[in-house]
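Participant: Below is one structure. I have some questions about it.
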Amino acid sequence: MRSGFNPDKQHSLASEVYLSGKGLHTGVPAEMRLVPQPPDFGFQFRRVDLPGKPIIKANADSVINTFRGTIIGNNGATVGMIEHVLAALVGMGVDNCLIEVNNHEIPIMDGSCEPFIELIERAGVVEQNVQKIWYELGSPLTYHDKVNNVKIEAFPDSEYRLHTVVDFKSSRLGVQTASLRHMREFKKEIAPCRTYCLVHELDMLHEQQLIQGDLVKNAILLVDKPISKEHMEKLVEKFDLPRFALAEGTYLDNLKLHFDNEIARHKLLDMIGDLSLIGYPLKARIVGNRPGHTGNIGFARMVRSYIRENKFQKRQFA
């Protein structure tokens, strides 16, 4: 966010911009266009390749799948992997934008949201002469998925802050944490952080017709379990990968980490994108313990319901 940015006003883009790339799971090329919108429009997606160019509202009620990415849908029209571009829009202070795409998956680019940040900067962000209404909590909220050991909590705060704890239950990978104290730090501290995949899951994901894109260029490949030389050779051949060495015994050296805790930071990035589907700007401190898309959306739905039931608690932060 630029100097002089007023967080209590709504913002949109100054111009249309677009980029193109392949989907992570489908491997299919797609073009995405960001289109400025008037105040109170929020975030919406449009499938320009389908008859009638249907629009899908970006809120938790539209989510139809959260396996390895967040997918929204409406009357048969779907858009997947929406979390990275939404995180970029939130991180840059954009409130109102139409995201047009000509396929059912947003391009993965390099696995982070830095390319989307660059796109937004190229478009420019403009202040709109309408007040932005923030919502605050009257009391803490807790989402707890005991089956998957996921816990996400929200506490009243005067800012929007996030903290993540990632525990792989692996002696190799250990526990990582990441924090974002203010959204103005997003571009530098969170946006460059790329998605990841566990090496032992590659076969399973491929069998499910996922990760059909160029995985090696857009994901950190983590080794959470010992891997034999024979298995590695099979993966190299199956996925047409270059031969890797293990970097510090935990990840393949195809990519250099931007941060030691890049995985936890990317989890925080995903949370920002997914929690934008609450549909209301929120002032709260969010703590996510082992968050993932399913837990993020479950929590977003909880907060969305809370706000609908307690709208008398909304107020403007002067």
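Participant: Under a 1.4 Å probe, what is the accessible area of the chain per residue, stated in Å²?
Facilitator: Per residue, the chain has 45 Å² of solvent-accessible surface.
Participant: If you don't mind, there's one more thing I want to ask. Mind checking which of His200, Thr26, Met183 is farthest towards the positive end of the chain's charge dipole, using Cβ charges of +1 (Lys, Arg) and -1 (Asp, Glu) about the Cα centre?
Facilitator: So the residue furthest toward the plus end is Met183.
Participant: If I compute mean projected area of the Cα convex hull in nm² from the structure I just sent, which labelled value in (i) 15.1; (ii) 21.2; (iii) 16.2 lines up?
Facilitator: Only one option fits the structure, namely (iii).
Participant: Leaving out ligands, DNA and RNA, and with a 1.4 Å probe, what % of the accessible surface on the chain is carbon or sulfur?
Facilitator: Carbon plus sulfur share of accessible area: 47 percent.
Participant: Let me ask another. Given 0.36 nm per residue, what is the gain on full extension from Ile55 to Ser228 after removing their alpha carbon distance, in nm?
Facilitator: Gain on extension, Ile55 to Ser228, equals 57.5 nm.
Participant: Right, here's the next one. How far is it, in nm, from the label point at Gln131 to the one at Phe41 when both lie 7 Å from their Cα along the line to the Cβ?
Facilitator: Calculated label separation equals 2.3 nm.
Participant: Calculate, for Phe67 and Glu31, the FRET efficiency according to 1/(1 + (r/R0)^6) with r their C-beta to C-beta distance and R0 22 Å; round to the nearest 0.05.
Facilitator: For Phe67 and Glu31, the calculated efficiency is 0.35.
Participant: Turning to a different aspect of this structure: Going by Cα centres, the range 225-239 and the range 169-188 are how many Å apart?
Facilitator: 29
Participant: Rank Gly91, Gly42, Gly76 by mean-square fluctuation in a GNM of the chain with C-alpha springs under 10 angstrom and give only the top-ranked residue.
Facilitator: Among Gly91, Gly42, Gly76, the largest mean-square fluctuation in the Gaussian network model of the chain belongs to Gly76.
Participant: Still on this structure, please answer the following. Tell me which of Ile263, Leu173, Phe299 sits at the most positive position along the dipole axis of the chain, charges placed on C-beta atoms (Lys, Arg +1; Asp, Glu -1).
Facilitator: Of the listed residues, the answer is Phe299.
Participant: What length, rounded to one decimal in nm, is gained on full extension from Arg122 through to Arg308, with 0.36 nm per residue of separation minus their alpha-carbon distance?
Facilitator: Result for the pair: 63.4 nm of gain on full extension.
Participant: Report, in whole Å, the centroid distance computed from the Cα atoms of the range 141-166 and the range 35-99.
Facilitator: With the range 141-166 and the range 35-99 each reduced to a Cα centre, they are spaced 23 Å.
Participant: Can you give the FRET efficiency to the nearest 0.05 for Phe5 and Val165, using r as the Cβ-Cβ distance and R₀ = 25 Å?
Facilitator: E(calc), rounded to 0.05, equals 0.25.
Participant: If you don't mind, there's one more thing I want to ask. How far is it, in nm, from the label point at Phe259 to the one at Glu16 when both lie 7 Å from their Cα along the line to the Cβ?
Facilitator: In this crude spin-label approximation the distance works out to 3.5 nm.
The values are calculated or read from the model by the stated rules, or taken from the named source; none is laboratory data. All values reported here derive from a predicted model rather than from experimental measurement. Positions of Cβ are generated from backbone atoms using ideal geometry, with glycine treated the same way; all protein chains shown enter the neighbour counts. Note: areas computed on protein heavy atoms with side chains; ligands, DNA, RNA excluded. Shrake-Rupley method; radii C 1.70, N 1.55, O 1.52, S 1.80 Å.
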